[in-house]
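Colleague: Okay, here's the structure, questions in a sec.
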Amino acid sequence: MWIFVALVVDFFLFLLAGPEIALDFLGGYLIELSLSIDNLFVFLSIFSSFAVPEEFRHRVLKYGIFGAAVLRMIVIVCGAALIARMEWILYGFGILLFVNGIKLILSSDEQKEVGDSMWLRLIRRLVPITEDYCGDCFFVKRKRCEKGGRKYRYATPLFLVLVVIELSDIVFAIDSIPAVFSVTTNPVIVYSSNLLAVFGLRQLYFILEKLAARFAYVKYGIAAVLMFTGAKLLISFFGKSISTIFSICFIAGTLFSSIVVSVWMTKK
């Protein structure tokens, strides 16, 4: 449904603003959608690490995606203002994307124990958190002693998972938003393409959750997209450019090829 909505928006942009704006939107949307797949693998790792029950994951993703929409708006507005004043920062984004693409290729597939990280242990010391999940609640009121006394508000582990989801999305925005800026620096197009891609993440997650083992080689396609967008920003330093049409074909073709290879290599 969300992919259909994005295509409808792109069609109306074509009618109202012309083919160039429509291609910029489509290019930004494809970049964000392809890079979001890697984000979903991290969500899967987080839910597994915290042993989040299946029935509570919908609620976490719903609020997490809403928070991501707000945070990305702030990042995009600040990024657009920064680029308007210091255009050379795009070359820095290009280096960052290219290096992150290489790191993704070299990274291990082993899942990290997110729930045992040092900074999360620090949060648990600063914020009172219940030991168990209390339904799908983020906060509950409990007495600190069994014999009477006033009730205090406690965060639940589900709230901790939500915080980790939001923080991980900020980290991924450092990759995905500069990548969209490689197509266009129009903040409206950048944000709208980001927003529609992010809104479809919850549904995509539950598809990926069932088929995670079949997408073993998709990360290489995502790494190629990162390196391509980084290279596209860097070559602009030499007065060269890559057309948006070629970018769309490369990104869509790379992502599709990585999915086909993954399905073929894991067919048994």
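Colleague: Can you list residue pairs whose Cβ atoms sit under 6 Å apart, with the first residue in the range 44-60 being closer than 20 Å to residue 131 by Cβ and of a type in the set (A, V, I, L, M, F, W, C) and the second being open to solvent by 30 Å² or more (accessible area, probe 1.4 Å) and assigned to a loop (DSSP other than H, G, I, E, B)? Count only pairs 6 or more apart in sequence or on different chains.
Modeller: Listed pairs, sorted by first residue: 56/136.
Colleague: For the range 235-251, enumerate the residues that are under 23 Å from the mean Cα position of the chain (by Cα) and within 18 Å of residue 178 (Cα to Cα).
Modeller: 244, 247, 248, 250, 251
Colleague: Could you tell me whether the range 93-102 includes any residue that is modelled with pLDDT under 75 and surrounded by fewer than 14 Cβ atoms within 10 Å (Cβ to Cβ)?
Modeller: no
Colleague: Out of the residues in the range 1-20 that are open to solvent by less than 50 Å² (accessible area, probe 1.4 Å) and under 27 Å from residue 97 (Cα atoms), which is nearest to the chain's Cα centre (by Cα)?
Modeller: 6
Colleague: Something else now. If you check every pair at least six apart or on different chains, which have Cβ atoms under 6 Å apart with a residue in the range 79-92 that is over 14 Å from residue 187 (Cβ atoms) first and a residue that is among the aromatic types (Phe, Trp, Tyr) second?
Modeller: From residues that are over 14 Å from residue 187 (Cβ atoms), the pairs are 91/237.
Colleague: Having 1 or more residues that are under 18 Å from residue 90 (Cβ atoms) and open to solvent by 30 Å² or more (accessible area, probe 1.4 Å) is the bar; report the helices (runs of 4 or more DSSP H) wholly within the range 182-248 that clear it.
Modeller: Output list reads 187-199, 218-235.
Colleague: In addition: Taking residue 172 as the residue in question, decide whether it is more than 19 Å from residue 76 (Cβ to Cβ), outside any loop (DSSP other than H, G, I, E, B) and among the aromatic types (Phe, Trp, Tyr).
Modeller: In short, no.
Colleague: Looking at the structure I just gave you, is residue 60 farther than 26 Å from residue 94 by Cα and open to solvent by less than 10 Å² (accessible area, probe 1.4 Å)?
Modeller: When the stated conditions are applied, residue 60 passes them.
Colleague: For the range 138-157, state whether one or more residues are surrounded by 13 or more Cβ atoms within 10 Å (Cβ to Cβ), in a helix (DSSP H, G or I) and at pLDDT 80 or above.
Modeller: Checked the range 138-157: at least one residue is surrounded by 13 or more Cβ atoms within 10 Å (Cβ to Cβ), in a helix (DSSP H, G or I) and at pLDDT 80 or above.
Colleague: Do the conditions hold for residue 196, that is, is it in contact (Cβ under 8 Å) with a residue 60 or more places away in the chain and under 26 Å from residue 24 (Cβ atoms)?
Modeller: It is true that residue 196 is in contact (Cβ under 8 Å) with a residue 60 or more places away in the chain and under 26 Å from residue 24 (Cβ atoms).
The values are calculated or read from the model by the stated rules, or taken from the named source; none is laboratory data. All of these numbers come straight from a predicted model, not from anything done at the bench. Methodologically, a virtual Cβ is constructed for each residue, glycine included, from the backbone with ideal geometry; neighbour enumeration extends over all protein chains shown. We work out accessible area using only protein heavy atoms, side chains counted, and drop any ligands, DNA or RNA first. Shrake-Rupley method; radii C 1.70, N 1.55, O 1.52, S 1.80 Å.
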